[in-house]
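Reviewing the structure listed below.
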Amino acid sequence: MKKRIVCAMMCVAMVATSLVGCGSEADEGTANDTAATDEAATDNAEATDDAAAETGKVYYLNFKPEQADAWVELAQAYTDETGVPVTVETAASGTYEQTLKSEMAKTDAPTLFQVNGPVGLASWKDYCYDLSGSDLYSQVKSDDFVLKDGDAVQGIAYVIETYGIIYNKTILDEYCAKDYAVVKSADEINSFDKLKAVADSIQENKDDLGVEGAFTSAGMDSSSDWRFKTHLANLPIYYEYKDKGIGSTDKIEGTYLDNYKKIWDLYITDSTCEPTMISSKTGEDAEAEFSMGEAVFFQNGTWEYGNLINNGMTDDDLGMLPIYIGAPGEENQGLCTGSENYWCVNKNASEADIQATLDFLNWCVTSDTGRDSIANTMGFLTPFKSFDDGYTPANKLIECADEYIAAGKTAVSWNFASIPSETWKDGVGAALTEYAQGTGDWKAVEDAFVIGWEAEYAAAHM
């Protein structure tokens, strides 16, 4: 028995040894196959890199977070159609300049980026390719939408936007039908005095109207403060520039800062929240308050349309008023219309990448796929002739802007592009917050506006 067992064990051992030997040969073959596969993959990758180097590639650093997904989808559509790789990265809200500085320092820097106007261009003009001979420039309706250095076209606006005081037309119509209403139609609101009278009346009768306040919260969180330290600040800048016939200055006088105070006081008193709370209020808070019918007025722009519709509002609910501050002749004022979004192509990229970027931009503004995405998915009104053929976004707030133009009202230009720095904006924003909270006075706002402007302009032009 033992002999049989020993013999059986030896047989098993022999079979096992045999299998090990076969396994070793198989492993060697597998290893050879794997090496061949890896080598082929490396060759393919190198071929792809060579192809990319030959055809060029595009890297777009996008400014607008709300259109991030749409740009990624459009980039993929272009790659699928042409084979040209397009990468889109989007900077977090409020961090674009910082992100751009970081990305431009890398080997694979953006080939396509944006500046926010003449001040932004001053920081990046040495990186800007001359677009004067590009197909993109040939599509621009007017040089009003480009940034130039002499004859060189260094930036081209890709979206025209409008902002003002969006109002809930449904609630305002209900108010106008009340016995206590001070106007019978929104059309009567054509000055600061009229706007204040209506807002004060709504605030006084908010319980009857079922609202929390006339205006949404004037949040000074970073997601919202740009509405006041930049967009609202544009009004006193605009009127001072208009008086002087200028488009920029090294010293702002603050002629209309009393008017700035009037509208700011109205925003923070006839509101859904106490002034002491605004430092913690966000842009999302204001949007929700307006969408839910808790407030009648909401300072914002055409870019907000999609969010309001997605939140359950309809075109019938929406109207827009100019931002009145009590300036002379403001009854003839329209909405604030302009752009701070200018495409620039990185001249330090390779020739292949520059050409690939120019081709991508031309495709974006001339192809059906590109125009449909920009107009209907992103909701952009553009300055390009190629969009006149049925590619105007369906946007009630844009219609409001057109109505003011048709009525002969003068649009307020976007002069905040001449603000000397982000530091200036932050100083004004901090002073506005302190004033609203009662921990600072209006003199500090005036100093941040006037003294801060001169200091920041000087620092930027040393």
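A few comments on the model shown:
Residues checked against (1) within 21 Å of the chain's Cα centre (by Cα); (2) open to solvent by less than 40 Å² (accessible area, probe 1.4 Å); (3) under 18 Å from ASP359 (Cα atoms):
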{"site": "THR87", "(1), (2), (3)": "yes, no, yes"}
{"site": "PRO110", "(1), (2), (3)": "yes, yes, yes"}
{"site": "VAL115", "(1), (2), (3)": "yes, yes, no"}
{"site": "PRO118", "(1), (2), (3)": "yes, no, no"}
{"site": "SER123", "(1), (2), (3)": "yes, no, no"}
{"site": "TYR129", "(1), (2), (3)": "no, no, yes"}
{"site": "PHE145", "(1), (2), (3)": "yes, no, no"}
{"site": "ASP149", "(1), (2), (3)": "no, no, no"}
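- All positions within segment 64-85 that are touching a strand residue (DSSP E or B) at 6+ places or on another chain (Cβ under 6 Å) and either open to solvent by less than 50 Å² (accessible area, probe 1.4 Å) or more than 17 Å from VAL159 (Cα to Cα) (or both): ALA68, TRP71, VAL72, ALA75, TYR78, THR79
- Filtered residues of segment 282-299 (kept if touching a residue at least 40 places away in the same chain (Cβ under 8 Å), aliphatic (A, V, I, L, M) and either assigned to a loop (DSSP other than H, G, I, E, B) or in contact with a helix residue (DSSP H, G or I) (Cβ under 6 Å, 6 or more places away or on another chain) (or both)): ALA295, VAL296
- Qualifying residues in segment 413-434 (those that are open to solvent by less than 70 Å² (accessible area, probe 1.4 Å) and either in contact with a Leu (Cβ under 6 Å, 6 or more places away or on another chain) or free of Cβ contacts under 8 Å to residues at least 24 places away in the same chain (or both)) - the one nearest to GLU330 (Cα to Cα): ALA431
- Selection of helices (runs of 4 or more DSSP H) fully inside segment 194-281 by the criterion of at least 1 residues being open to solvent by less than 10 Å² (accessible area, probe 1.4 Å) returns 234-244, 257-269.
- Of all the numbered requirements in (1) touching a Gly at 6+ places or on another chain (Cβ under 9 Å); (2) surrounded by fewer than 21 Cβ atoms within 10 Å (Cβ to Cβ), THR162 misses one, and that requirement is (2).
- Where a residue in segment 159-181 is in a loop (DSSP other than H, G, I, E, B) and its partner, wherever it lies, is polar (S, T, N, Q), with Cβ under 8 Å and at least six apart: VAL159/SER339; VAL159/ASN341; VAL159/THR382; LYS178/ASN205; TYR180/SER201; TYR180/ASN205; ALA181/SER201
- Screening TYR256 on (1) out of contact with any Ser or Thr (no Cβ under 8 Å at 6 or more places or on another chain); (2) farther than 21 Å from PRO328 by Cβ shows it passes everything except condition (2).
- Failed item in (1) in a loop (DSSP other than H, G, I, E, B); (2) modelled with pLDDT of 95 or more; (3) touching a Phe, Trp or Tyr at 6+ places or on another chain (Cβ under 7 Å), with ALA349 passing the rest: (3)
- Filtering THR410, THR392 for residues that are open to solvent by 10 Å² or more (accessible area, probe 1.4 Å), touching a residue at least 12 places away in the same chain (Cβ under 8 Å) and in contact with a strand residue (DSSP E or B) (Cβ under 6 Å, 6 or more places away or on another chain) leaves a single hit, THR410.
- Residue in segment 438-456 that is open to solvent by less than 20 Å² (accessible area, probe 1.4 Å) and part of a loop (DSSP other than H, G, I, E, B) present: no
- Residue satisfying condition, being under 20 Å from ASP69 (Cα atoms) and over 23 Å from the mean Cα position of the chain (by Cα), within set ASP441, ASP359, ASP368: ASP368
- Residues satisfying the stated conditions in segment 343-389, i.e. open to solvent by less than 10 Å² (accessible area, probe 1.4 Å), farther than 23 Å from TYR305 by Cβ and not aromatic (Phe, Trp, Tyr): CYS344, VAL345, ASN346, ALA356, THR357, LEU361
- Selection status of GLY427, at pLDDT 95 or above and over 25 Å from PRO118 (Cβ atoms): no
The values are calculated or read from the model by the stated rules, or taken from the named source; none is laboratory data. Keep in mind that this is a model prediction, so the values were computed, not measured. In this analysis, Cβ positions are derived from the backbone assuming ideal geometry, glycine residues included, and neighbour counts consider all displayed protein chains. We work out accessible area using only protein heavy atoms, side chains counted, and drop any ligands, DNA or RNA first. Shrake-Rupley method; radii C 1.70, N 1.55, O 1.52, S 1.80 Å.
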